[in-house]
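Notes to accompany the following structure.
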Amino acid sequence: MSPASIPPDSPKESPLQRDQTIFAELIIPVPIRKLFTYRVPAGWNERIRIGQRAIVPFGARKILTGVIAKLHNTPPSGYEARYLLEVLDDAECITPQQFQLYEWMADYYLCAIGEVLNAALPAGLKLSSESMVQLNPAFDLETSPFDFSEKEQMLINHLRAEAMSYSEVARLLDAKSIYSLLKSLTSKEAIILFESVREKYKPKTEKRVRLTLEYTEKKKLEQLFEGLVAKPKQEAVVLKYLQSVPVFQDASLNSYGVAKAALLDAEISESSLQTLVKHRVLEEFERVVPRFGAEVLATEHPVLLSEAQEKARNQVLESFDQHGAALLFGVTGSGKTEIYVDLIRRALEGGAQVLYLLPEIALTTQIVVRLQKVFGSSMGVYHSKFSDNERVEVWNGILNGKFKFVVGVRSAVFLPFDNLGLIIIDEEHDPSYKQHDPAPRYLARDVARMLAQFHHAKVLMGTATPSCESYHQAKSGKIGLVELAERFGDAQLPEITFANVAAERKRKTAKGDFTSALIHEIKSTLDQQAQVILFQNRRGHSPLVECEDCGWVPKCINCAVSLTYHQYRHALICHYCGYREELPSQCPTCGSKRILTLGYGTQRLEEELQLHFPEARISRMDLDTTRTRSGYETILGDFEKGETNILVGTQMVTKGLDFDRVRLVGVFDADRMMHFPDFRSYERAFQLIIQVSGRAGRRGEAGKVVIQTANPTHPLFEYVTHQRVTQFLDNQLSDREVHFYPPFTRLIEITLKHADRSQVARAAQRMAQRIRDSISGIRMMGPGEPVIAKIRNEYLNTILIKIPRNSGKLGGIKSSLLLIADELYADKTYRGVTVVFDVDPN
């Protein structure tokens with residue numbers, strides 16, 4: 001059992017005695033591989049439950065939110081347990097299946113169970129402490145020997161009534177910085193500073209208006225109107241209320257009232273409304289309302305499946321019976337979503353819960369609209385662009401049964417399901433399912449499959465370009481394999497052509513970053529009133545800035561990378577740590593003003609398009625334009641309505657989006673994608689090109705794809721041209737077996753970090769030697785510096801371990817690695833070195 005494990009209930013353990021002192025073991029969101037024991041106050045013995053959140057003291061001053069994982073009557077040895085400060089829930093907030101998942105993730109991904117909890121709980125369910133100021137009870141302004149400024153006296157007078165938060169003090173004094181003033185008052189013993197714990201989640205409330213009980217009687221209301229004859233504005237308020245709330249038809253409607261905002265309009269005076277409130281004709285009250293707007297009714301029945309889709313659906317159900325999981329391998333536009341809808345409906349009708357995972361938030365915008373028409377408000381949506389409060393409402397909605405079906409990105413695997421029957425993992429190949437930082441560094445596809453085991457649920461993975469790992473499992477018979485080889489309806493696969501960048505530059509026919517072939521196709525498409533998607537997997541304006549005379553290149557001060565030029569901000573930005581500086585007007589090394597921008601990102605393509613096609617309406621979709629939820633919705637909404645002619649984007653535009661009018665897709669910089677230094681680079685390049693190609697011609701008329709490359713005869717393009725996905729995967733699997741890569745091995749990447757380059761190198765050598773000495777039956781690469789050897793002021797060294805897939809040693813190897821890391825931490829020679837484990841790096 002790993003140090004992070006939650007000990008299971010065992011016959012050897014004594015049953016909990018609620019009439020004796022109870023101790024609670026909590027998961028605390030800190031990177032320490034253990035549970036923490038606290039004492040339960042005697043008065044709470046009957047209401048304390050496993051799965052509740054509790055506030056606990058941690059360390060000298062911290063107050064944290066933990067989750068109760070275990071209850072027993074055994075006091076800890078060697079120290080006296082501190083008391084729980086408060087229990088936040090009446091019932092469990094974390095389900096037994098979630099505890100199983102947390103334990104498995106901590107063990108598998110070599111992290112602390114507290115780190116898993118930190119990732120799992122939405123921020124709105126964690127408590128924060130807020131700094132507060134109160135008057136010192138022993139302080140007397142009249143007898144104090146100190147002098148006080150005008151602002152100090154103002155604050156003291158306000159504190160006589162009640163304590164205030166730092167932000168309230170700043171507003172009172174109209175000051176940006178209050179710390180010197182607070183320091184002064186503290187030294188004069190006039191105030192006391194303390195931490196006030198508050199829950200982050202706040203229900204959304206709406207101000208509403210209703211008649212007071214007295215005026216719901218018809219006779220009293222008639223008397224009211226007689227008295228309002230000379231007051232037409234007040235009379236108009238009451239009349240509009242009665243139009244909205246017909247209390248004489250149903251008196252119970254008055255208790256619900258009407259939204260104040262709905263009652264007030266250009267013809268209704270708020271002052272008249274307030275007068276009626278003052279005279280107790282109307283009363284204002286607040287009501288908790290959902291953040292997701294009004295109830296959405298299902299307006300469409302699921303579409304009838306085609307013969308091919310029905311056959312595939314039946315094969316999926318057979319695979320569920322035989323294997324519990326299936327891979328639905330369908331070409332782009334084959335109608336996988338309709339099969340998903342059919343399976344979701346079946347699961348919900350059977351009383352089970354459903355989780356539908358998507359890799360990108362951009363996908364949820366379009367999918368949610370389609371699914372809500374079928375499933376209405378029984379469906380919840382969960383992703384990081386939602387506010388803390390919105391995510392808490394989805395979490396609570398699952399606990400109270402409001403949401404039986406949730407669409408979400410990778411973090412949705414942590415939601416508190418208790419009867420999960422089906423998990424759909426759409427675009428299962430997508431690298432966005434991998435969490436890189438912070439821990440746990442999990443792959444949501446694999447976590448979802450383990451979650452399904454805990455719930456005895458079925459799993460369907462869908463994609464047009466399967467990952468090598470999932471395809472290998474299907475070929476090996478571990479999961480079912482279902483194929484959809486044709487597009488839905490009359491849709492045809494796109495025609496794929498290549499534009500030779502090297503040849504055009506030699507002939508000088510290229511226009512900036514566009515080949516003449518691509519320019520011609522864009523013009524032809526726009527002339528037909530159709531739409532264009534252009535894919536460049538690099539944001540920003542220019543990835544490289546260089547002095548033409550001396551070769552100077554601006555570098556990040558924190559990372560070993562060059563800065564990327566973003567024209568709209570007129571700034572050089574590091575895409576690793578966020579450092580930025582202005583683009584200099586002259587070279588800081590030689591003084592030359594010949595500063596060149598080299599290469600191109602999505603910003604530069606957008607700029608060039610506006611020069612080539614000034615009449616076209618162009619939008620850009622990348623991280624810079626989609627930092628908010630409305631950013632996605634606006635861009636995709638405008639494109640879907642035809643208000644945008646050309647959409648330029650990064651990999652966001654490659655994933656599952658469905659637009660009727662797209663007839664052309666252009667792919668830039670395909671060579672760079674293929675030759676990235678990673679064993680998955682061919683697989684990733686192939687998947688991205690096939691996926692973005694699938695956006696073209698999805699209704700009736702065939703689309704066209706133009707791929708700009710300097711090497712159109714590359715073998716990978718042969719697979720792309722003829723859509724030979726299985727042949728490509730077979731070739732990749734053959735190469736990986738020879739070179740000992742997944743799916744034939746498991747990888748663990750160990751990254752060591754330190755501010756001193758030589759120190760981290762020595763630590764990496766020490767750790768590598770210990771691994772060689774103590775772990776057998778593995779292959780090891782490194783240690784060595786990665787391609788980017790410094791990030792956020794820390795130098796990096798990496799060690800890659802390859803473990804045979806069926807060696808049976810994985811658990812022992814992981815335990816040994818944790819012990820070796822602990823040895824390194826304990827050695828003062830390597831003080832300050834951080835060790836990071838990434839299991840199944842992706």
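Considering A120, A163, the condition of being buried (at least 21 other Cβ atoms within 10 Å of the Cβ), in contact (Cβ under 8 Å) with a residue 24 or more places away in the chain and closer than 21 Å to I63 by Cβ is satisfied by A120 alone.
Look at region 785-803 and say how many of its residues are more than 30 Å from the chain's Cα centre (by Cα) and at pLDDT below 95. Working first, answer last.
Of all residues in region 785-803, those more than 30 Å from the chain's Cα centre (by Cα) come to 803.
From the residues that got through so far, the ones that are at pLDDT below 95 too are none.
Looking only at that region, the number is 0.
Considering only residues in region 724-749 that are out of contact with any Phe, Trp or Tyr (no Cβ under 6 Å at 6 or more places or on another chain) and assigned to a loop (DSSP other than H, G, I, E, B), the one that is most open to solvent (accessible area, probe 1.4 Å) turns out to be R724. Restricting attention to region 750-774 and to residues that are in contact with a Ser or Thr (Cβ under 6 Å, 6 or more places away or on another chain) and crowded, with 17+ Cβ neighbours inside 10 Å, the residue that is farthest from T829 (Cα to Cα) turns out to be T751.
Within region 673-687, being assigned to a helix (DSSP H, G or I) and buried (at least 16 other Cβ atoms within 10 Å of the Cβ) holds for M673, M674, Y682, E683, R684, A685, F686, Q687. Within the option set D822, D838, D773, being touching an Asp or Glu at 6+ places or on another chain (Cβ under 8 Å) and either assigned to a helix (DSSP H, G or I) or not polar (S, T, N, Q) (or both) holds for one residue only, D838. Scanning region 427-444 for residues that are closer than 24 Å to F375 by Cα and modelled with pLDDT of 95 or more turns up just one, E428. A single entry from F488, F498 fulfils the requirement of being touching a residue at least 40 places away in the same chain (Cβ under 8 Å) and farther than 30 Å from D513 by Cβ: F488.
Hey, can you tell me all the residues within region 79-98 that are aromatic (F, W, Y) and touching a residue at least 24 places away in the same chain (Cβ under 8 Å)?
Y83 - this is the single residue of region 79-98 that is aromatic (F, W, Y) and touching a residue at least 24 places away in the same chain (Cβ under 8 Å).
Look at region 141-157: where a residue is in contact (Cβ under 8 Å) with a residue 60 or more places away in the chain, no partner that is assigned to a loop (DSSP other than H, G, I, E, B) and open to solvent by 90 Å² or more (accessible area, probe 1.4 Å) sits 6+ places away or on another chain with Cβ atoms under 9 Å. Within region 787-842, track down each residue that is open to solvent by 60 Å² or more (accessible area, probe 1.4 Å) and out of contact with any helix residue (DSSP H, G or I) (no Cβ under 9 Å at 6 or more places or on another chain). Passing the criteria: V787, R792, N793, R805, N806, G808, K809, S815, D822, Y825, A826, K828. Restricting S807, S734 to those that are of a type in the set (S, T, Y) and touching a residue at least 12 places away in the same chain (Cβ under 8 Å) reduces the list to S807. So, of the residues in region 304-320 that are open to solvent by less than 50 Å² (accessible area, probe 1.4 Å), among the polar types (S, T, N, Q) and outside any loop (DSSP other than H, G, I, E, B), which turns out to be nearest to A347 (Cα to Cα)? Filtering first and then ranking leaves S319.
A single member of E115, E92 is of a type outside the set (A, V, I, L, M, F, W, C), closer than 15 Å to L415 by Cα and modelled with pLDDT of 90 or more, and it is E92.
All of (1) crowded, with 18+ Cβ neighbours inside 10 Å; (2) under 30 Å from A696 (Cβ atoms); (3) at pLDDT 90 or above hold for L572 with one exception: (2). Residues of region 489-506 that are open to solvent by 30 Å² or more (accessible area, probe 1.4 Å), part of a loop (DSSP other than H, G, I, E, B) and among the aliphatic types (A, V, I, L, M): L493 alone. The selection criterion, being among the hydroxyl-bearing types (S, T, Y) and under 30 Å from A499 (Cβ atoms), does not hold for T589. The residue of region 593-651 that is surrounded by the most Cβ atoms within 10 Å (Cβ to Cβ), among those that are part of a strand (DSSP E or B) and small (G, A, S), is G649.
The condition (being closer than 27 Å to F837 by Cβ and part of a loop (DSSP other than H, G, I, E, B)) is satisfied by just one residue among L64, L110: L110. Residue count for region 67-105 satisfying the condition of being farther than 30 Å from A452 by Cα, among the charged types (D, E, K, R) and not in a strand (DSSP E or B): 2.
Here the condition is being basic (K, R) and in contact with a Lys or Arg (Cβ under 6 Å, 6 or more places away or on another chain); of R779, R762, R736, it holds for R779 alone. Taking the listed residues G333, G351, the one that is assigned to a loop (DSSP other than H, G, I, E, B) and surrounded by fewer than 21 Cβ atoms within 10 Å (Cβ to Cβ) is G351, with no other qualifying.
If you go through region 510-524 and pick out every residue that is open to solvent by less than 10 Å² (accessible area, probe 1.4 Å) and either part of a helix (DSSP H, G or I) or closer than 19 Å to Y565 by Cα (or both), you end up with 2.
With respect to being in a strand (DSSP E or B) and buried (at least 20 other Cβ atoms within 10 Å of the Cβ), G666 fits the description. Could you run through region 695-727 and say how many residues are within 20 Å of M674 (Cβ to Cβ) and touching a Leu at 6+ places or on another chain (Cβ under 8 Å)? Total satisfying the criteria: 4.
Applying the condition of being touching a Ser or Thr at 6+ places or on another chain (Cβ under 8 Å) and in a loop (DSSP other than H, G, I, E, B) to region 470-488 and asking which residue is farthest from G335 (Cα to Cα) yields I479.
Taken over region 444-467, the criterion of being open to solvent by 10 Å² or more (accessible area, probe 1.4 Å) and not in a loop (DSSP other than H, G, I, E, B) is satisfied by R445, D446, R449, M450, Q453, F454, H455, K458. Scanning region 688-719 for residues that are of a type outside the set (A, V, I, L, M), assigned to a helix (DSSP H, G or I) and more than 19 Å from E428 (Cβ to Cβ) gives P715, F717, E718, Y719. The number of residues in region 307-364 that are more than 30 Å from R627 (Cα to Cα) and among the β-branched types (V, I, T) comes to 4.
The values are calculated or read from the model by the stated rules, or taken from the named source; none is laboratory data. Computed from a predicted model, the values in this text were never measured in an experiment. Glycine gets a Cβ as well: all are built from the backbone with ideal geometry, and neighbour counts include every protein chain shown. Keep in mind that these areas ignore ligands, DNA and RNA; they rest on the heavy atoms of the full protein, side chains included. Shrake-Rupley method; radii C 1.70, N 1.55, O 1.52, S 1.80 Å.
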